[in-house]
1. Quick one: length gained pulling Gln44 to Arg27 fully straight, 0.36 nm per residue minus the C-alpha distance?
2. Give the order of Ser81, Ser66 when sorted by the count of other beta carbons within 10 angstrom, beginning with the fewest.
3. Work through the residues other than Val26 whose Cβ is under 10 Å from its Cβ and net out their charges, Lys, Arg +1 and Asp, Glu -1.
4. Would you pull out the residues with amide H under 5 Å of Thr79's amide H, same chain only if 5 or more places away, H placed 1.01 Å from N?
5. How large is log10 I(q)/I(0) at q = 0.11, 0.15, 0.16, 0.23 Å⁻¹ when the Debye formula is applied to the Cα atoms of the range 12-94, each weighted equally and without solvent?
6. Most exposed first by the Cβ proxy, i.e. fewest other Cβ within 10 Å, how do Leu93, Leu34, Leu48 rank?
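All of the numbers you see were taken from the coordinates with simple rules; none came from a lab. Remember, predicted model here, so these are calculated numbers, not experimental data. Methodologically, a virtual Cβ is constructed for each residue, glycine included, from the backbone with ideal geometry; neighbour enumeration extends over all protein chains shown.
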Amino acid sequence: MTGTTCSTTVTVAFPADDREELTELVRGNEQRLLEEIKPLVSRQCVTLDLGPVRRIDAAGISALISLYRFAEEAGHCFTVSNTAPHVAEILSLVGLDRILLSRNAAEAPREPALSLTAA
């Protein structure tokens, strides 16, 4: 990441759907993620907690890339943390692990994740 400065990073919980036992970042719900997280990455550095996500497809990957790009354009950073093994494997296969996976998640003190719910 070039040109990004983050004195503080907010950790945001993945916006889960109460109707689903396992959350999926797939075509059809990636737009909601973009709508909720894009304003945050425009204002500050964000780490998105993907703990509930068990499945991701090309649309989900595209959404994460878009959020990364929006953050970079605003001079901020965007990372993901707490990825399930399968999701981490997919991010690694497409090379996004190098830019998206939070490197300091294990060492940094965790603040409570902000929960984004539809009003």
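1. Between Gln44 and Arg27, full extension yields an extra 3.5 nm.
2. With the fewest neighbours first, Ser81, Ser66 line up as Ser66, Ser81.
3. -1
4. Val46, Thr47, Leu48
5. Summing over Cα pairs of the range 12-94 leads to -0.25, -0.48, -0.55, -1.14.
6. Lowest count first: Leu93, Leu34, Leu48.
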